[in-house]
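Below is one structure, written out as structure tokens; the observations come after it.
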Amino acid sequence: MLAEFPAQRSETAFTDYKLPLYPAQATVEAERCLFCHDAPCVVACPTHIDIPQFIRKIASGNDRGAAKTIFESNILGMSCARACPVEVLCVGACVFNDLHEPPIQIGKLQRHATDRAFEEGWRFFEAGAPTGRRVALVGGGPASLAAAHELRRLGHLCTIFERREFLGGLNTTGIAPHKMKADRSVTEAEWVLAIGGIEVRSCAEVGRDVTLEDLERDFDAVFVGIGLGADSRAKLLGEDLPGVLGAVEWIERMKLGDAGLAGVRRAVVVGGGNTALDAMRELLTLGVPQVTMLYRGTEDSMGGYVHEWQAAKAAGARVEWRTVTTAFEGANRLERLRCVRVDASRAPLAGSDFTLAADLALLAIGQSKLGAALAGLAGITLESGIVRVDAQGFTGRPGWYAGGDCANGGKEVVNAVAEGMAAARAIDRELANGGGTKRKGAHHA
Ligand SMILES: Cc1cc2nc3c(=O)[nH]c(=O)nc-3n(C[C@H](O)[C@H](O)[C@H](O)COP(=O)(O)OP(=O)(O)OC[C@H]3O[C@@H](n4cnc5c(N)ncnc54)[C@H](O)[C@@H]3O)c2cc1C
Ligand code: SF4
């Protein structure tokens, strides 16, 4: 059910960028914490892990208790410890920043406790008393995994429909391998499923193999966690040439198999977000000598995190600011990009055209939105392909909830987890109040 990946994958060449703490380092770091009342680090965490409490437990040698505190709020606490942009979340909010002292390394402490839980095989949670209710979860990424686990704790049976062979979503196929590799994400998914009572229907695409009507008929509630779709296209001349790829598509190839970089000497990444920055670091680590980012704005306006940009620069990334590509050229495969400089309003500057030689171009200009999969279900509203939900993930149609990238437009793993858990609790409340898809009067479009 959970597919195995080839042992030799391009991503296996990567080592951890942030090294784990030795046990003695973890204790020393934990003892630095001020255990703040109303801790700003907790507020900054979308899943509101009780950070001072878990750090206090590490300081007293209770790693097991620390892990339990983390997983209580975030069942994907192991992958979040590696993938979270802590610099702009908990660590960025730590009071030590205001004291001009190094902030507590919360992510590394979280990794210390959660890795230990995985190594020791600690389990903390059991399914709740059976309610006899069944919930379908569409997509097997972080949002659905977190929702399913919470629903099981509340006693509801779950079925995850995942169109791929394996679980984890972008946690498996997208996260930079210097943070986490694909097999670790799949191991985490298995760890989540160990609570029991979560059926996984892999290679089952809702809309193709299973219809929305099937879900509404067979389940008491539905959680939609389908994430985002394929890389957006630039719609430019030459885009179909071999050597021009979507960045997310290439990252998946690199993580699950061969990155296909034989003969690639010059790569260009188009875009200025975190996917572009990840792709550049990955290309450089895999030995591509020249990697250049083309971005239509400036350093101040780029969507990627400052700390990720600094790391990409340190790895050797080049950049052409205020530059867009206008065509991809080559005889049988990509040889060069036509480029032009743009002004602050993105209008091309006359006479600024130039060409940039490249063997590979990765487009990191966004991903398509998959909300259309729900089109036609009365009560559900889509905004530019994003599923509109309230703070609890309710879509407006009885029994139907959504969370993660498909509803927030594309954020982080920790947001998907928080939204999945919130939706699970809301589903539980709705079912307890006699609601759900089978509620008398629920509309069937
Ligand atoms: C390149 C890249 C790097 C990233 N790096 C980080 C990072 O370092 N840290 C971080 O916190 N976040 C990162 N993110 C963001 C993070 O991965 C996502 O926010 C998170 O995975 C969203 O979870 P999700 O469950 O909403 O969606 P996804 O992870 O996308 O999972 C959705 C799942 O639904 C399945 N699916 C889709 N349609 C259907 C259907 N019709 N039927 C059945 N199944 C379906 C998909 O196959 C997929 O498995 C990154 C994203 C990208 C693209
Ligand atoms: S803000 Fe910093 S010092 Fe305060 S509890 Fe959080 S980690 Fe500890």
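The values are calculated or read from the model by the stated rules, or taken from the named source; none is laboratory data. Owing to the predicted nature of the structure, the values given are computational and were not obtained by experimental measurement. Please note: Cβ atoms are built from the backbone with ideal geometry, for glycine as well, and neighbour counts cover all protein chains shown. Remember, those area values only see protein heavy atoms, side chains included, never the ligands or the DNA or RNA. Shrake-Rupley method; radii C 1.70, N 1.55, O 1.52, S 1.80 Å.
A few points about this structure:
- Filter result (part of a helix (DSSP H, G or I) and open to solvent by less than 20 Å² (accessible area, probe 1.4 Å)) within region 92-109: F96, I106, G107, L109
- Scanning region 133-147 for residues that are open to solvent by less than 10 Å² (accessible area, probe 1.4 Å), away from ligand 1 (no atom under 11 Å from the Cβ) and not polar (S, T, N, Q) turns up at least one hit.
- So A67, is it open to solvent by 20 Å² or more (accessible area, probe 1.4 Å) and in a helix (DSSP H, G or I): no
- So A24, is it hydrophobic (A, V, I, L, M, F, W, C), on the phi < 0 side of the Ramachandran plot and open to solvent by 20 Å² or more (accessible area, probe 1.4 Å): yes
- In region 354-371, the residues that are touching a residue at least 24 places away in the same chain (Cβ under 8 Å) and either open to solvent by 20 Å² or more (accessible area, probe 1.4 Å) or touching a Cys at 6+ places or on another chain (Cβ under 9 Å) (or both): T355, L356, A357, D359, I365, G366, Q367, S368, K369, L370, G371
- Total residues in region 222-263, condition more than 24 Å from the chain's Cα centre (by Cα) and loosely packed, with under 14 Cβ neighbours inside 10 Å: 6
- Among the residues of region 197-210, those identified as at pLDDT 95 or above and either closer than 17 Å to A402 by Cβ or surrounded by 13 or more Cβ atoms within 10 Å (Cβ to Cβ) (or both) are G197, I198, E199, V200, R201, S202, C203, A204, E205, V206, V210.
- So A39, is it more than 30 Å from L284 (Cα to Cα), in contact with a helix residue (DSSP H, G or I) (Cβ under 7 Å, 6 or more places away or on another chain) and either open to solvent by 70 Å² or more (accessible area, probe 1.4 Å) or away from ligand 1 (no atom under 16 Å from the Cβ) (or both): yes
- Yes/no for E190 being within 21 Å of the chain's Cα centre (by Cα), outside any loop (DSSP other than H, G, I, E, B) and more than 10 Å from ligand 1 (Cβ to nearest atom): yes
- Summed over region 379-406, the residues that are out of contact with any Phe, Trp or Tyr (no Cβ under 9 Å at 6 or more places or on another chain) and either open to solvent by 40 Å² or more (accessible area, probe 1.4 Å) or within 30 Å of M280 (Cα to Cα) (or both) give a count of 12.
- Flag for A347 being surrounded by fewer than 17 Cβ atoms within 10 Å (Cβ to Cβ) and hydrophobic (A, V, I, L, M, F, W, C): yes
- Qualifying residues in region 264-298 (those that are over 24 Å from the mean Cα position of the chain (by Cα) and either at pLDDT below 95 or under 21 Å from K181 (Cβ atoms) (or both)) - the one surrounded by the most Cβ atoms within 10 Å (Cβ to Cβ): V288
- For region 13-36, a residue qualifies if it is assigned to a loop (DSSP other than H, G, I, E, B), within 16 Å of ligand 2 (Cβ to nearest atom) and closer than 30 Å to T285 by Cα, and exactly one does: L21.
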